[in-house]
Amino acid sequence: MMAPELVKQYTNISLGEEIEICDFRLALKVLRKKILSLDFQNSLHVHDPQNSFDYLEVLYKLRQLSERLGSLDPGGQAKEHKELTVYATDLFEMAMARLEEEFVYLLTCYKQPLEQELISFRSTEDGSTDGFSCSSFSEEQSEGKSTQTASNGESEFCVADLIQPGALSAVKSIANFMFLSNYSNECCQAYINARQGAIDEFISSLHIDKHSIEELLSTRWNKLSSAIRRWNQAMKSFVRVYLASERRLSSLVFGELSESTVDLCFYEISFSPVMQLLSFYESVAIGDPKPEKLFRILDMYEVLDGLLPEAEFLFQAGGSDMVLTEYNEVLLQLGEAARKTFAEFKYAIQSYTSSSAVPSGAVHPLTKYVMNYIKAVTVYSKTLDSLLKDTDQGYHHFSADGQSMPSSSPHFTVTALHLQSVAAVLEANLEAGSRLYRDGRLRNIFMMNNICYMVQKVKNSDLKSFLGDDWIRMHNRMFQHQATNYERASWSHVLSCLSDDGLCAAGDSASRKTIREKFKNFNLSFEDVYRVQTAWSVPDDQLREDVRISISLKVIQAYRTFLGRYSSFLDGTKQKDRYIKYRPEDLEELLLDLFEGTQKTLQHVCRA
């Protein structure tokens, strides 16, 4: 009788039929030969998953035959029956070991990598440097994100097949057979080991370096900031794509057997990688709260907060409290780090002192730094509103002079209050810094430039929504007041030289002498202002033009009037050009040299 026929015959014997021990022995040997012929692991070529079904069919028959043998009454052949039962048990264990190897083989050789577009995250941001380091006050760039992207609390999974569909059916069938054969522990462990290898490969494909918390805490911030961008993108790909796909695979393989098995396997596979990723976030959260770190910390907080619904969906079902506990703890740590860092930012402004004045009265680097910083902060306003809501109790917002600040902001929120406070602290610091100037006129220029810079930053950005129109109007008046004070201090003496005091219309010799002195004093005063104030700077084009026009209207008109009224008194005077050195047109042109930041000196000959 042929082997297949023998197996079929002996596995279909009814309970009432009598069968000899020798027949069982023969059938088991036939099955053993068949099992050994399907030695998958020693194959030099990838075999078709369909072969697994052939092997399973043999194992089903072996199990049926073993069960039939166990129910057989040995009669007078008890010894032979015992030996054959041991043989059948050993054969089944050997066959199950080979089946486990086939299970791992299919999981390994038929795993399917995620499509690159699903996990691609590297961008041009990777090489960028920190725009808010303490050494870069003059930097104009901001480091935050460009738009607010708040999570709506809905899951955004994008699942993919991690095992080729052709092999999945065989994997599932093997798992079913192992469970039915009381090999569930072996099956789960083999599955976990295989998928842990796959998940490690995926983590490696993200190109994120593994570091201990100690190493990360000692890493230079610019390098760490770039790494944070990659880790944030990696975290989103990992949770929304890979973990979602991994849980789906566990559900496909074990879902019909036991939901607890699905949860257990997924938890064991994902636990270590999740903790590895969270440790990076934790290391940033527990670092020193330096102002330049705020935006990366907020980015990290928003990533974890945005992924929280997905994490809860993936882990809450199956005894994964440890993962979610750690996840929420890291989220709390990041929130606290953001609060401390923002507070440190304000304290850094308050405590900032400079030993020397900014040359030429230009905009202070601190002003640029702070205004660009808070401009970038507005993008994170929703997140900061939730993080700072418990820190504004009894909070009042005041300007640098102690006056209550306007509250007409459309975004009258916690973040708005804090930004208004930061602006007020900056004003107070600028006022203190202006005292470094010995020349009160330059002090006015300095304050005018800095307040104007602040106003322009607010008007031309989202800061306008947070500080409000009243703030803008009030600070417009402030820098215009500084401009008025500057004009009065700089040009009152020049204009006094063109007054009619001490002159009479008769044109006597005394009056001519006084007229000569007035022209001479005007020339000296104007040239002194020109020499000094061409070195001063007013960076804002419109402000510079406005100040020049205002000066020109006063000086040129006064000079033109004085010249027209008294120049004839000097007719016949020797070296008249020593006194009337400039035409009104000359003065108009010379005034255009003011506030360019390059000192000039006048050595004019008479052009009258």
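The values are calculated or read from the model by the stated rules, or taken from the named source; none is laboratory data. Computed from a predicted model, the values in this text were never measured in an experiment. Note: ideal-geometry Cβ built from the backbone for every residue, glycine included; neighbour counts use all protein chains shown. We work out accessible area using only protein heavy atoms, side chains counted, and drop any ligands, DNA or RNA first. Shrake-Rupley method; radii C 1.70, N 1.55, O 1.52, S 1.80 Å.
Could you state how much accessible area residue 578 has, in square angstrom rounded to the nearest 10, with a 1.4 Å probe and all protein chains kept in place?
The accessible area comes out at roughly 130 Å².
If you take the square roots of the eigenvalues of the alpha-carbon gyration tensor of the stretch 241-350 and sort them as a ≥ b ≥ c, do you get rounded (a/c under 1.5), prolate (a/b over b/c) or oblate?
Numbers: a/c = 3.61, a/b = 3.37, b/c = 1.07.
Taking the square roots of the gyration eigenvalues as a ≥ b ≥ c, the stretch 241-350 is prolate.
How large is the direction-averaged shadow of the alpha-carbon convex hull of the stretch 404-489, in nm²?
Values: hull surface 21.4 nm².
Mean projected area of the Cα convex hull: 5.3 nm².
Which of 234, 262, 249 sits closest to the plus end of the dipole of the stretch 225-269, meaning its Cα is farthest towards the positive end, when Lys and Arg get +1 and Asp and Glu get -1 on the C-beta?
234
Work out the length of the dipole vector of the stretch 417-537 about its Cα centre, built from +1 on the beta-carbon of each Lys and Arg and -1 on the beta-carbon of each Asp and Glu, and round it to the nearest 20 debye. If you can, show how the numbers build up before the last one.
Values: 16 positive and 13 negative charges, 43 e Å.
In total the dipole reaches around 200 debye.
Test of the criteria: in the stretch 240-346, which trypsin sites (Lys or Arg not before Pro) are in a DSSP loop and have at most 10 other Cβ atoms within 10 angstrom of their Cβ? Write out the running numbers ahead of the final one.
Details: sites: 240, 247, 248, 293, 296, 339, 340, 346; in loops: none.
Here no trypsin sites (Lys or Arg not before Pro) fit, given the DSSP loop and packing criteria.
Beta carbons within 10 angstrom, averaged per residue: use that to sort the peptides 414-427, 558-571, highest first. Write down the numbers at each step before the final one.
On the way: 414-427: 22.2, 558-571: 16.0.
Packing order, densest peptide first, comes out as 414-427, 558-571.
Using only Cα positions of the stretch 432-589, each an equal point scatterer, no hydration layer, compute I(q)/I(0) via Debye at q = 0.17 Å⁻¹ and quote the log10 values to two decimals.
Debye intensities relative to I(0), on a log10 scale: -0.99.
Mind pulling the per residue volume of the convex hull built on the Cα atoms of the stretch 156-203? Å³ is fine. Please report the intermediate quantities before stating the final value.
Values: hull volume 4.6 nm³, N = 48.
Enclosed volume per residue, from the Cα hull, is 96 Å³.
What dipole magnitude, in Debye to the nearest 20, does the stretch 297-371 give about its Cα centre under +1 on Lys/Arg Cβ and -1 on Asp/Glu Cβ?
Working: 4 positive and 10 negative charges, 149 e Å.
About 720 debye.
Per the 1.4 Å probe, what fraction of the accessible area of the stretch 161-260, in percent, lies on carbon and sulfur atoms?
Details: 1900 of 4230 Å².
Here it works out to 45 percent.
Order 433-444, 582-593, 274-285 from most to least packed using the mean count of other Cβ atoms within 10 Å. Each step should come with its number before you reach the end.
Working: 433-444: 17.5, 582-593: 15.7, 274-285: 20.2.
Ranked by mean Cβ neighbours within 10 Å, highest first: 274-285, 433-444, 582-593.
List the residues of the stretch 426-456 whose backbone N lies under 15 Å from a point placed 7 Å from the Cα of residue 484 along the Cα-to-Cβ direction.
So the set is 448.
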